[in-house]
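Some notes on the structure that comes next.
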Amino acid sequence: MRLTRTRFRSAALLAAGAALVGTALLQSPATAGTSAVDSAASPMAANAVGPVIWEDNFDGPAGQAPDSSKWRYDIGGSGWGNDERQYYTNSTRNSAKDGAGNLVITARQENGGFQCHYGPCQYTSARLLTAQTFTQTYGRFEARIKIPGTQAVWPAFWMLGAEGGGWPNNGEIDIMENIGREPNTVHGTIHGPGYSGAEGIGAAYNSPNGQAFRDGFHTYTVDWEPGAITWYVDGVQYQRRTPADLGGDTWVFNHPFFLIMNVAVGGYWPGYPDGSTVMPQTMTIDYVRVNQLTSGGGGTGGAIKALGKCMDVAAANSADGTPVQLYDCNGSAAQQWTRPGDGTIRALGKCLDVAGGGTADGTKLQIATCSGNPAQQFTYTGAQDLVNPQANKCVDIPSANTANGNRLQIWTCNGTAAQKWTL
């Protein structure tokens with residue numbers, strides 16, 4: 001089916017005095033691409049979860065503000081590109097710990113006190129983000145949340161790219177969104193250049209037991225890997241997206257993102273408060289956690305082979321720029337490669353790297369200090385290709401020549417044995 005909804009996103013406006021991240025958005029009504037997933041939902045099993053990278057369990061006394069070393073605020077009543085009706089504050093009236101290990105974001109009906117784009121603000125709420133405190137490329141992003149539910153209320157747990165030149169080029173990953181008139185449905189969506197606004201790519205997940213999501217806590221999870229994003233609710237996978245879903249548009253999910261959680265009131269997609277709307281409304285967050293992923297069990301060291309030879313660091317030299325070549329398999333440290341789950345492939349304490357960040361056929365491979373840049377990101381596909389998503393090219397043995405010392409390169413993926421690697 002096609003999920004049609006009117007929705008906009010503004011890029012995150014950081015707390016008072018901070019820089020503006022991205023730009024305000026003015027987009028047409030959105031139609032999110034969907035996949036038929038309800039009947040084929042499967043348990044969470046594709047990825048092994050590594051260490052916790054970042055988390056907040058919201059321990060502390062009732063009424064305490066969220067940890068300022070982890071969360072900052074967007075503040076204001078501009079409508080946020082969506083014609084929203086709330087004014088976002090940094091007040092503990094709108095976001096505070098409850099003393100039981102939860103953070104509570106409260107949307108309230110107000111009688112003035114703040115100025116919104118439509119006049120005196122009728123509602124207040126909170127929007128918290130980690131743009132200045134934590135960003136991450138790849139991993140498992142998860143929160144356990146009890147969402148609110150009434151007409152016009154719009155809770156969300158999502159991410160924006162911390163670089164990339166503003167929305168939509170920086171990318172957006174919506175881990176969970178709900179609108180009050182759909183109590184049994186949550187949505188997951190990605191946005192980027194050519195698939196933003198009206199062309200967001202996503203899917204809906206319906207409660208399997210018919211109960212409203214607002215009736216209890218649920219876990220909302222995204223596993224984000226190089227070249228793939230997978231959504232889960234309560235451990236059940238309902239959607240997976242790869243560059244193949246974008247119809248030729250650019251996959252921009254290869255750089256750091258930051259976290260956002262908020263409760264909006266009103267807007268083009270959820271509609272506006274009416275006589276059925278009940279206030280206040282609360283979103284209760286038990287925890288937010290980011291883990292490293294280890295895809296395909298790649299956390300241990302081992303050889304990477306093609307055409308009967310091994311991927312090798314020349315002369316076992318760990319200096320930046322040392323060529324990566326084909327060589328007889330010998331079990332040395334120069335041929336022991338690890339995949340720690342962050343998209344990198346590592347040996348001798350360095351990362352496999354596309355020289356100069358090049359994307360052209362024939363660009364050589366080397367090792368370099370791990371930096372998190374796209375030249376060091378590789379996806380291992382079911383077809384045994386090692387792909388650099390930035391270039392959309394495969395790791396390749398030039399001319400399929402098995403001579404020792406033949407320096408590896410990237411090349412347009414062509415399905416030949418010179419591009420088929422076993423890990």
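The values are calculated or read from the model by the stated rules, or taken from the named source; none is laboratory data. Keep in mind that this is a model prediction, so the values were computed, not measured. Virtual Cβ from ideal backbone geometry, glycine too; neighbours counted across all protein chains shown.
In table form, for the structure just shown:
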{"read-out": "Exclusive hit being touching a Pro at 6+ places or on another chain (Cβ under 7 Å) and closer than 18 Å to Asp286 by Cα, set Ala96, Ala126, Ala107, Ala62", "value": "Ala107"}
{"read-out": "Residues (surrounded by fewer than 22 Cβ atoms within 10 Å (Cβ to Cβ), of a type in the set (S, T, N, Q) and touching a residue at least 40 places away in the same chain (Cβ under 8 Å)) located in region 202-247", "value": "Asn206, Thr219, Thr230, Gln237"}
{"read-out": "Lys364 vs. criteria among the basic types (Lys, Arg), more than 19 Å from Pro256 (Cα to Cα) and in contact with a Ser or Thr (Cβ under 7 Å, 6 or more places away or on another chain)", "value": "no"}
{"read-out": "Top-ranked residue of region 174-201 - restricted to ones that are among the β-branched types (Val, Ile, Thr) and closer than 17 Å to Gly227 by Cβ, ranked as surrounded by the most Cβ atoms within 10 Å (Cβ to Cβ)", "value": "Ile190"}
{"read-out": "Number of positions in region 139-177 that are under 18 Å from Asp74 (Cβ atoms), aromatic (Phe, Trp, Tyr) and either outside the structural domain of Asp56 (by TED's automatic domain parsing) or part of a strand (DSSP E or B) (or both)", "value": "3"}
{"read-out": "Tally of residues being among the acidic types (Asp, Glu) and either surrounded by fewer than 24 Cβ atoms within 10 Å (Cβ to Cβ) or over 17 Å from the mean Cα position of the chain (by Cα) (or both) across region 159-173", "value": "1"}
{"read-out": "In region 65-75, the residues that are in contact (Cβ under 8 Å) with a residue 24 or more places away in the chain and over 13 Å from Ile285 (Cβ atoms)", "value": "Ala65, Ser69, Arg72, Tyr73, Asp74, Ile75"}
{"read-out": "Test result for Gly139, within 25 Å of Pro243 (Cβ to Cβ) and modelled with pLDDT under 95", "value": "yes"}
{"read-out": "Set Ala244, Ala204: member being out of contact with any Phe, Trp or Tyr (no Cβ under 8 Å at 6 or more places or on another chain) and either assigned to a helix (DSSP H, G or I) or hydroxyl-bearing (Ser, Thr, Tyr) (or both)", "value": "Ala244"}
{"read-out": "Matching residues, region 371-400, being touching a residue at least 40 places away in the same chain (Cβ under 8 Å), surrounded by fewer than 22 Cβ atoms within 10 Å (Cβ to Cβ) and over 29 Å from Gly139 (Cβ atoms)", "value": "Ala400"}
{"read-out": "Qualifying position, being under 16 Å from the mean Cα position of the chain (by Cα) and among the hydroxyl-bearing types (Ser, Thr, Tyr), among Thr219, Thr185", "value": "Thr219"}
{"read-out": "Residue among Thr338, Thr344, Thr369, Thr379 that is among the hydroxyl-bearing types (Ser, Thr, Tyr), under 12 Å from Ile304 (Cα atoms) and modelled with pLDDT under 95", "value": "Thr338"}
{"read-out": "Region 93-133: number of residues that are under 25 Å from Tyr272 (Cα atoms), part of a loop (DSSP other than H, G, I, E, B) and either in contact (Cβ under 8 Å) with a residue 60 or more places away in the chain or not acidic (Asp, Glu) (or both)", "value": "11"}
{"read-out": "Sole exception among (1) out of contact with any helix residue (DSSP H, G or I) (no Cβ under 7 Å at 6 or more places or on another chain); (2) under 19 Å from Phe253 (Cα atoms); (3) part of a loop (DSSP other than H, G, I, E, B) for Asn209, by number", "value": "(2)"}
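A quick yes/no check of all residues on (1) in a loop (DSSP other than H, G, I, E, B); (2) over 16 Å from Gly188 (Cα atoms); (3) touching a strand residue (DSSP E or B) at 6+ places or on another chain (Cβ under 9 Å):
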| site | (1), (2), (3) |
| --- | --- |
| His255 | yes, yes, yes |
| Met261 | no, no, yes |
| Thr282 | no, yes, yes |
| Ile285 | no, yes, yes |
| Leu293 | no, yes, yes |
